Amino acid sequence: MSHHIVEASDLHYTYPDGTVGLRGVTFRISHGESVALVGENGAGKSTLLLHLNGYLSPRQGTVKIGDYPLTKKNLDAVRRSVGMVFQNPDDQLFMPTVFDDVAFGPLNLGLAKDEVERVVVRSLETVGVAHLAKRPPYKLSQGEKRSVSIATVLAMSPDILVMDEPTSSLDPRSRRRLIELLKTFRHTKIVATHDLDMALDLCERTIVLHQGRITADGQTKKILYDEELLRASSLEKPLSIQLKT
Amino acid sequence: MHMADALISPVVGGVMWVATAGLIGYSAKKIKEEGDNHKVPLMGVLGAFIFASQMINFSIPATGSSGHLGGGMILAILLGPYAAFLVMASVLIVQALFFADGGLLALGCNIFNLGFFPCFIVYPLIYRKIVGDNPTQGKIMLGSLIGAIIGLQLGAFGVVLETVFSGISELPFRTFVILMQPIHLAIGVVEGLVTAAVVTFVWKARPEILNAARNSIPIGKLNIKKVLLVLVLAAVIAGGMLSWFASSNPDGLEWAMFKTSGKEELESHESVHVSLAGIQEKTAFLPDYGFKKSEPETEAKPVWPAVDSGTSVSGLVGGILTLMVAVLIGLGLRQRKNAA
Amino acid sequence: MNNIGRNSFDIGYMDTLASGDSPLHRLDPRAKLITTFIFIVTVVSFDRYALAVLTPFFIYPIVLIALSGLPAGYLLKKVLIVSPFAILVGIFNPLMDRGILFHIGSIGISGGWVSFISIVLRFMLTVTAALILVSLTGFNAVCAALIKFGVPKPFVVQLLFFYRYIFVLSDEAERMVRAGSFRAFHSGAMGFKTFISLLGNLLLRTLDRAERIYYAMCCRGFDGNIRIIRSMRITYQEIMFIFGWGALFIFLRYFNVPLKLGTFITGLLK
């Protein structure tokens, strides 16, 4: 799976209680792209993300990761190549210490002990929190928790990073640091967010979801300047643009 | 109500430890066999829920007291007996370690009293029988209420038996029972109502949760007889071994037996005390008035505790001195540490 | 701050203590676990009238606290907070057992009082020992030791999860209670209805959270088996710790030091 391609064609999903999540979503994201997924609450962003590594299976349509369609059979391989960073780090950091948390994935992959230790140290260093290794997660700040969450995913050496609201509940400085960090990553990135300023800063492409459909897909700059489109999708121009105009 | 280390003899504590350890092993094995990977995180988080919820109180009208959610019943309803037992054990372990509720030796007793009864007796034999496969609000209410009451009665009775068998407290069996059971009847009613209300709440909001819990453990799978048999066997073996070990220690069960029979049967005590007495004679520091032991009414009491330990003025003086020495050592060590 | 916050804060504080650094902190958790156990079993193995013989055992908590720099006052306070039950049951002893055991001057001391004080001493000893164990070792290390001792893994793993989420859920519960009390206009414990809907909602959220955690685990290749790396080593120091203390406890169990000391002193006074 060297192509790091994410492809969704005509995804439909309905929740067991009848709520419709997705009504025909199609896109193709290729190697190294950085894509923002924006839309109002309930637009279907999280539902879409949950499809990308097979947690939900579409009622209709297919997801392709790399060159293969996502099926039960290659679920493990897909989950290895698609790293998922959750909105709430407390859901993602479930082990007793930061070290254990980052080591969780590599150990499941069957790496040898010293290899695991190397991977953990490297991942923590990448996000700049190697000094936290022995801490229990509940003693971390929000920003630190977020960094560790990303490290847990990096430790699996994924090709594609999928992030749900990575900047939520971060103070301005941690947010800035995170954006700078994400810029250094070469992975294909898919970021669901309400933080349109970050989208502008980090992602060259943006997909707008509205009521389970894609209403726009294109250059971030173009989309975020398009007031009409944003209003139709229950969104607002990012602050940085509002200030400029 | 928690058993405390201070009230328990090693034999009773040990037997209950072995019994609960056996149950934990058995339940863990069952969980593994079920192979439901969902369960382990779910168990942990629900344990934390029980723990957090026990700190939220509501006021019981017209009594001025307050109540909270008990653990065992609701866990069994949500998770099935095996997982619920393990979670209850964890809650009690954390309480013992961090809040010194009960203590380490009494942990076995506490897990048994508060975990075994609700999970392995009340849930399968009472709650499930009443609620059946088609729960209604009424059935849930009835099942939880009766279940919680019986569970707590059994638990309280467990505390009584363990305390009496330990023979550390002087409280006679009957008085203790009369004290404990009615209190726990009241607690049981409150716990039952809370459990029923919370279960109904969940059932109304998300009926599938209760169904899933029920289906994950078909009731036929829970073999009560087997569990009980394993338990009794474990207890007998542990009891036998521990009391054999304990026969060189004057304590607990054997103490109680000795008290009722009024006879000391074991030579080993004698030898210890004889040698102690010998030492005392040789050192000849023993002031006569210091050992005004057996008054007529204490004749039934064994002689040796009077000779032993703190039952004399000398013992008291020595004890206080020892304490002071210990504290001094501590202060000295700390000063050295700080200086270093 | 209400109860909930205080409790999780308390646990957090003990974890902070455990992350301290002293030779005792660094000791293999298994050694501390075993020694604590020997200590507790020895202490409770005394007969009910044991009083002075128990006092030398205070050397263990005292030395450990002194050498590790744990805050003695904090631990003592914790012990006092939980003492009511032991005292409640023990307090009947003086009423039930009035036989005079010995005299101090002309005052007769009944067996009941002796055994009551004995209960209190035992209580203090065993409880402090357990608290010291956690404050020196940390809960996670205790769990790791349990795995090494062969305690079934599903049990220990859910115990670790439980411990991890105490903090998260206590926070959540506290927020909900606070939000509720802002709207309730009266202080103190809440009414039954509010209580139930609060608990019910907390429970539903908890179940959702469990689901999300499980998903997070699956994303990182969870296959039902949780693996934890812990390198533990029993060295010369651990052996010394276990056998040193163990020998002392057994010596104190069979050799009544305070009595000898006391007889010596009272003899001198005479």
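The values are calculated or read from the model by the stated rules, or taken from the named source; none is laboratory data. It should be emphasised that the depicted structure is a prediction, and the values quoted were computed from it without experimental measurement. Every residue, glycine among them, receives a Cβ derived from its backbone with ideal geometry; neighbour counts consider all protein chains shown.
Worth a mention:
- Restricting the range B:69-96 to residues that are at the interface with chain C (Cβ under 9 Å from one of its Cβ atoms) and out of contact with any helix residue (DSSP H, G or I) (no Cβ under 6 Å at 6 or more places or on another chain) leaves a set whose member that is surrounded by the most Cβ atoms within 10 Å (Cβ to Cβ) is B:Ile93.
- Being over 30 Å from C:Leu27 (Cα atoms) and either more than 9 Å from chain B (Cβ to nearest Cβ) or not hydroxyl-bearing (Ser, Thr, Tyr) (or both) is a property that does not hold for C:Ala247.
- For the range C:99-119, filtered to residues that are part of a strand (DSSP E or B) and hydrophobic (A, V, I, L, M, F, W, C), the residue that is surrounded by the fewest Cβ atoms within 10 Å (Cβ to Cβ) is C:Ile107.
- Verdict on A:Glu180 being surrounded by fewer than 14 Cβ atoms within 10 Å (Cβ to Cβ), more than 24 Å from A:Asn53 (Cα to Cα) and modelled with pLDDT of 90 or more: yes
- Under the condition of being assigned to a helix (DSSP H, G or I) and either more than 7 Å from every other protein chain (Cβ to nearest Cβ) or surrounded by 24 or more Cβ atoms within 10 Å (Cβ to Cβ) (or both), the residues counted in the range B:32-63 number 17.
- All conditions in (1) modelled with pLDDT of 90 or more; (2) more than 26 Å from C:Ile11 (Cα to Cα) hold for A:Arg173, with the sole exception of (1).
- Helices (runs of 4 or more DSSP H) fully within the range C:6-98 counting 3 or more residues that are at pLDDT below 85: C:72-82, C:84-90, C:93-96
- Selection over the range C:48-70 of residues that are under 15 Å from the mean Cα position of the chain (by Cα) and farther than 23 Å from C:Gly262 by Cα gives a count of 3.
- Top-ranked residue of the range A:122-141 - restricted to ones that are exposed (fewer than 15 other Cβ atoms within 10 Å of the Cβ) and part of a helix (DSSP H, G or I), ranked as farthest from the other protein chains (Cβ to nearest Cβ): A:Glu125
- Among the residues making up the range C:145-154, none is within 20 Å of the chain's Cα centre (by Cα) and at the interface with chain B (Cβ under 7 Å from one of its Cβ atoms).
- Residue within the range C:121-139 that is among the charged types (D, E, K, R), crowded, with 17+ Cβ neighbours inside 10 Å and at the interface with chain B (Cβ under 7 Å from one of its Cβ atoms) present: yes
- Residue that is nearest to the other protein chains (Cβ to nearest Cβ), among those in the range C:23-47 that are under 14 Å from the mean Cα position of the chain (by Cα) and surrounded by fewer than 21 Cβ atoms within 10 Å (Cβ to Cβ): C:Phe37
- A count restricted to the range C:195-238 and to residues that are in a helix (DSSP H, G or I) and either in contact (Cβ under 8 Å) with a residue 60 or more places away in the chain or within 10 Å of chain B (Cβ to nearest Cβ) (or both) stands at 26.
- Conditions (1) closer than 19 Å to C:Leu17 by Cα; (2) surrounded by 22 or more Cβ atoms within 10 Å (Cβ to Cβ): number failed by C:Val63: (2)
- Contact map, the range A:114-134: first residue free of Cβ contacts under 8 Å to residues at least 12 places away in the same chain, second residue assigned to a helix (DSSP H, G or I), Cβ cut-off under 6 Å, separation 6 or more or different chains; pairs are A:Ala130/A:Leu124.
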